[in-house]
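Below you'll find the structure, written out as structure tokens, and then a few comments.
The values are calculated or read from the model by the stated rules, or taken from the named source; none is laboratory data. Keep in mind the model is a prediction, meaning the values are calculated, not measured. Here Cβ is always computed from backbone atoms with ideal geometry, including for glycine, and neighbour counts include all displayed protein chains. Protein only, heavy atoms only, side chains kept; ligands, DNA and RNA dropped before computing areas. Shrake-Rupley method; radii C 1.70, N 1.55, O 1.52, S 1.80 Å.
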Amino acid sequence: MKSRSFAYMLALFHSSIVGLSFLFTKMAIAESNPLDTLAFRFTISFAIILFLVAIKVIKVNYSWESIKNLVPLSLLFPTLFFAFQTFGLKFSQSTDAGILSAVTPILTLMIAGYFLKEKTSLYQKLSIVLSVVGVIFIFVMKGSTINFSDMLGMVLILLSCIATACYTTMTRSLAKDHTPGEMSFFMMGTGFVIFNAAALVTHLKQGTMAEFFTPWSSMEFISSILYLGILASLVTSLLSNTILSKIKASQMSVFANLSTVVTIAAGAIILKEKLTIYDILGSILIILGVIGTNYFGVKREHSIKVNLEYNEGKM
């Protein structure tokens, strides 16, 4: 129970970081192109985790078998996820991204159910849907609708959601054989190599190598890229890998919708934005959905355990 409670606390922290990542991504790509932003983001992430490995704060031990398992994981996250998300935000509105990203828990539920055979009760499924409805309700009542003229951005955001769902499912499967540090080190290293190689090749072909470093003259870019590199990439990776070693993929994924609540709260507290009744009602639906998904999950596991003990006693 303590392990599960700790996982829930980490999931809340994870949601808080993600809740502000859209804002910082928008700020960063306003000063730099998406590919360069990703390159800098993972340069910072990998440099920090490499240092932590060097001083033995994080210990890694890989075999050829583990590398074969971690390569597809790293292609899903960070490579495909961040590529789709960053370019998706470039070609769409952040409101579109918010609405589409809300369906990630449903995608995770289906994928984890199929590949991991994770069973969820009807009440859990309804709770997940409730949290998704809460997010969509907030955006729609604020007058936001999906803009079909931004179809490319929408498709890319949806692909990022699929990549997230697949990553969450795969991490849950690999967590029994790999530590969170091992998975995160491999993932940050993959992002560092792929995004820097892509960015440098692009600039060399276009003869714009000097522009690669131009964004660093902006303090807004520096603060954004530090947040994205340290918190929104490295820390969230370590957190999600730790959480998924303790709770099911479907239970973890629904916490992602709490990021919407965090964004609203931050806007009201920090930016003094007006808090509407729709924000409050939608947030309540999201919170109830998250609580319900995990409460009924625990209840279901307890019921299964009691039944097994009863059957063993009869034998």
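In this simple spin-label approximation, residue 281 and residue 3 carry label points 7 Å from Cα along the Cα→Cβ vector, and these lie 4.2 nm apart.
Relative contact order for the chain: what is it in percent, counting Cα pairs under 8 Å that are at least 6 residues apart?
On the way: 406 pairs, mean separation 118.9, N = 315.
In percent, rounded to a whole number, it is 38.
Over the chain, the alpha carbon radius of gyration divided by the compact-protein estimate 2.2 N^0.38 Å works out to 1.03. Compute the long axis of helix 151-174 from its Cα atoms, compare it with the longest principal axis of the Cα atoms of the chain, and write down the angle in degrees, 0 to 90, nearest 10. With rounding to tens, the tilt is 50 degrees.
Using a cut-off of 20 Å between Cα atoms, the listed pairs 68/117; 125/248; 56/246; 90/142; 68/119 include 68/117; 56/246; 90/142; 68/119 as exceeding that distance.
Give me the percent of accessible area attributable to carbon and sulfur for the chain, probe 1.4 angstrom. Could you put the intermediate results ahead of the total?
On the way: 10990 of 15460 Å².
Here it works out to 71 percent.
For the chain, the longest principal axis of the alpha carbon atoms and the long axis of helix 81-90 meet at an angle near 60°.
Phi-derived couplings, Karplus 6.51 cos²θ - 1.76 cosθ + 1.60 at θ = phi - 60°, listed residue by residue for region 114-131: 6, 8, 9, 6, 5, 9, 10, 7, 4, 5, 5, 4, 5, 5, 5, 4, 4, 5 Hz, with x used for Gly and Pro.
Explain nothing, just the number: relative contact order of region 138-275, from Cα pairs under 8 Å at least 6 residues apart, as a whole percent. The partial results should precede the final answer.
Values: 44 pairs, mean separation 48.0, N = 138.
Over region 138-275, the number comes to 35 percent.
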